[in-house]
Amino acid sequence: SGRTMLPVQILKDHAQEERGDSARLSSFVGAIAIGDLVKTTLGPKGMDKILINGNPDRNDIKVTNDGATILKSIGVDNPAAKVLVDISMAQDNEVGDGTTSVTVLASELLKEAEKLINMRIHPQTIISGYRKALKLAQDALRENAVESGTHLREDLLKIARTTLSSKILSQYNELFSQLAVDAILRLKGSANLDAIQIIKKLGGSLNDSYLDEGFLLEKLPGMYQPRRLENAKILIANTPMDTDKVKVFGSRVRVDGVAKVAELEAAEKLKMKEKVDKILTHKMNVFINRQLIYNYPEQLFADANVMAIEHADFEGIERLALVLGGEIMSTFDTPEKVKFGQCDLVEEIMIGEDRLMRFSGVALGEACSIVLRGATNQILEEADRSLHDALCVLMTHVKESKTVAGAGASEIIMSNAVLNGSQKVAGKEALAIQAFGQALSALPIIISDNAGLDGADLVTRLRAEHANGKHRMGINVEEGTISDVIELGIIESLQVKMCMVSSAAEAAEQIIRVDDIIKCAPRPRAPDNRPC
């Protein structure tokens, strides 16, 4: 035949393709590396990571042990690693906690899958095995869950303590658990976390943090205006109050003398006065605007004895409207249709060096502010993240109030159920189901290893206890033994665990399915011919 055996290139130049085993290898390696990166932050004795921004001029660093924050901040190039970062973020948005566990579990599932693939077991077989195993694990978890029922508050406190025990706030566990639970119970079952405002103020120590029943706004009223008002009737607005000077952009006004400019100014001023008078017909005593209020209107409000707060930024305004039960107005022609915000008292308070406005007795009784104090910005940021995690978990628990044992107990319950189930399945799938059970038991091993204990020893003892029906046993990290974790008050919300296991299994499944990675050619750039 006249054909020459030249290799055919299908992809464009600079595009890359990895096939079969090499593609699988690179996905597994990437995902497992991510798991190894965050697994040292797992558990009460987990360590923190420092993340430094790549720009040398912006010296901003984060100190954190929140899995989602770590993964979000590192730029990952490996596609499989990106999948793990995504599930961690999803877990963070969905239930708030378990962001590290979900990543570590997914990477353990992939480690096990890699062994199975080396034994020449087809990826689809592994996936169907994992699916069966996931069902077994979830059923076991549901069976062992306990309704909170009447002691919801105690359970919430325990769950908050468990969540916070692995975070920076563990030293002040009691204080912050109380804060979080009080804040969530004030919501009375509404799922709106916006009503809880977290304000970070540098100075003092974490111990000085407290829950304020009012709503705090980091703004102040204008000069010579009242600093304290009872029975406030509040108009919330988003309107420009800075037109008492000529500032129509791009307009050119030709005048034949300086006196004419003064006339223009006077006209503008009159317009502004009319606007303020229109606003004052609403008979409110507090006016909060999202935009600036210039000196002239400010003086007019002061004359009318109205407290005018300017530049309450967008988030502040939205929250205020929600909390005070008012609506944000932009036009002021129909005072009778306006929905005002109401509260019993508006006053100025001091926190540390800063002055803030405090609205107490607000219409939305569930609203509150948590004031965090701390020595450095990094501590405040991390405390904020930890508290947010705790609030999300409690919120999830209020929706479906079932608890499971923490401290590795529920992982072993699932692991044992899966291993027992695997013996009833014939064929290669059984190996995959077994592997799933092994991966689940890796979590308690890692928690113990992080605490400097002998993980393998503790977990095998734990397995034996569970096999004898003692399903309340878990790892006691403080003592370095196994104990009844329900008595120690280490419980977690069922929903958080369920979400963690299913997300990890789905992510692992997605990565196991891959047998080809194609990287597109980067877009060629036209050479830059401008003179330097």
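The number of residues in the stretch 92-103 being modelled with pLDDT of 85 or more and of a type in the set (A, V, I, L, M, F, W, C) comes to 1.
So if I check each of ALA80, ALA68, ALA106, which one is crowded, with 24+ Cβ neighbours inside 10 Å, more than 21 Å from SER166 (Cα to Cα) and either at pLDDT 80 or above or of a type in the set (S, T, N, Q) (or both)? Result of the check over ALA80, ALA68, ALA106: ALA80.
Residue pairs whose Cβ atoms lie under 7 Å apart, sitting 6 or more positions apart in sequence or on different chains, and linking a residue in the stretch 91-113 that is closer than 18 Å to ILE32 by Cβ to a partner that is of a type in the set (A, V, I, L, M, F, W, C) and part of a loop (DSSP other than H, G, I, E, B), are THR100/LEU42; SER101/LEU42; VAL104/LEU42. Pairs linking a residue in the stretch 366-380 that is within 20 Å of ILE196 (Cβ to Cβ) to a residue that is open to solvent by less than 30 Å² (accessible area, probe 1.4 Å) and of a type in the set (Asp, Glu), with Cβ atoms under 7 Å and 6 or more positions apart or on different chains, are CYS368/ASP212; SER369/ASP212; VAL371/ASP212. Of everything in the stretch 173-229 that is part of a loop (DSSP other than H, G, I, E, B) and hydroxyl-bearing (Ser, Thr, Tyr), the residue that is nearest to GLY325 (Cα to Cα) is SER190.
To keep it simple, each residue is scored yes or no on (1) open to solvent by less than 10 Å² (accessible area, probe 1.4 Å); (2) more than 18 Å from LYS233 (Cα to Cα); (3) at pLDDT below 80.
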site: VAL306; (1), (2), (3): yes, no, no
site: ILE309; (1), (2), (3): yes, no, no
site: THR334; (1), (2), (3): no, no, no
site: LYS337; (1), (2), (3): no, no, no
site: ARG355; (1), (2), (3): no, yes, no
site: ALA363; (1), (2), (3): no, no, yes
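What residue, of ASN192, ASN173, is closer than 24 Å to ALA68 by Cβ and open to solvent by 50 Å² or more (accessible area, probe 1.4 Å)?
Details: ASN173 fails: open to solvent by 50 Å² or more (accessible area, probe 1.4 Å).
Matching residue, one of ASN192, ASN173: ASN192.
Kindly indicate whether any position in the stretch 319-327 is crowded, with 19+ Cβ neighbours inside 10 Å and under 29 Å from GLU268 (Cα atoms). There is no residue in the stretch 319-327 that is crowded, with 19+ Cβ neighbours inside 10 Å and under 29 Å from GLU268 (Cα atoms). Where helices (runs of 4 or more DSSP H) fall entirely within the stretch 430-532, those with at least 3 residues that are loosely packed, with under 15 Cβ neighbours inside 10 Å and out of contact with any strand residue (DSSP E or B) (no Cβ under 8 Å at 6 or more places or on another chain) are at 455-467.
Which condition does MET395 not pass, out of (1) closer than 20 Å to ILE199 by Cα; (2) not in a helix (DSSP H, G or I), if it passes all the others? Status for MET395: all satisfied but (2).
Results for (1) over 26 Å from PHE332 (Cβ atoms); (2) among the hydrophobic types (A, V, I, L, M, F, W, C); (3) modelled with pLDDT of 85 or more; (4) open to solvent by less than 80 Å² (accessible area, probe 1.4 Å), shown as yes or no for each residue.
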{"position": "SER205", "(1), (2), (3), (4)": "yes, no, no, yes"}
{"position": "SER209", "(1), (2), (3), (4)": "yes, no, yes, yes"}
{"position": "LYS219", "(1), (2), (3), (4)": "no, no, no, yes"}
{"position": "GLN225", "(1), (2), (3), (4)": "no, no, no, yes"}
{"position": "PRO240", "(1), (2), (3), (4)": "no, no, no, yes"}
{"position": "ARG254", "(1), (2), (3), (4)": "yes, no, no, no"}
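Among the numbered criteria (1) at pLDDT below 85; (2) in contact with a His (Cβ under 7 Å, 6 or more places away or on another chain), which single criterion is violated by ASN144? ASN144 satisfies every listed condition except (1).
For the stretch 17-129, please list each of the helices (runs of 4 or more DSSP H) lying entirely inside it that holds at least 2 residues being over 22 Å from ALA435 (Cβ atoms) and among the charged types (D, E, K, R).
79-94
Is it the case, given these coordinates, that MET89 is under 16 Å from the mean Cα position of the chain (by Cα), open to solvent by 10 Å² or more (accessible area, probe 1.4 Å), at pLDDT 85 or above and of a type outside the set (Gly, Ala, Ser)? Spell out the reasoning first.
Values: under 16 Å from the mean Cα position of the chain (by Cα): yes; open to solvent by 10 Å² or more (accessible area, probe 1.4 Å): yes; at pLDDT 85 or above: yes; of a type outside the set (Gly, Ala, Ser): yes.
So MET89 passes the test.
With respect to LYS111, is the statement that it is open to solvent by 50 Å² or more (accessible area, probe 1.4 Å), more than 30 Å from ALA426 (Cα to Cα) and modelled with pLDDT of 85 or more true?
Values: open to solvent by 50 Å² or more (accessible area, probe 1.4 Å): yes; more than 30 Å from ALA426 (Cα to Cα): no; modelled with pLDDT of 85 or more: yes.
Taking the combined requirement at face value, the residue does not satisfy it.
Restricting LEU136, LEU152, LEU164, LEU157 to those that are open to solvent by 50 Å² or more (accessible area, probe 1.4 Å) and among the hydrophobic types (A, V, I, L, M, F, W, C) reduces the list to LEU136. Beta carbons closer than 7 Å, at least 6 apart along the sequence or on distinct chains, pair a first residue in the stretch 128-140 that is within 14 Å of SER503 (Cβ to Cβ) with a second that is open to solvent by 10 Å² or more (accessible area, probe 1.4 Å) and among the charged types (D, E, K, R) for TYR130/GLU509.
Say whether the condition of being surrounded by 21 or more Cβ atoms within 10 Å (Cβ to Cβ), assigned to a strand (DSSP E or B), within 26 Å of the chain's Cα centre (by Cα) and not acidic (Asp, Glu) is met by at least one residue in the stretch 404-424. Yes, that holds for at least one residue.
The values are calculated or read from the model by the stated rules, or taken from the named source; none is laboratory data. Bear in mind that the values here come from a model prediction, so they are computed numbers and not experimental data. Here the Cβ is made from the backbone with ideal geometry for all residues, glycine too, and neighbour counts use every protein chain on show. Accessible surface areas use protein heavy atoms only, side chains included; no ligands, DNA or RNA. Shrake-Rupley method; radii C 1.70, N 1.55, O 1.52, S 1.80 Å.
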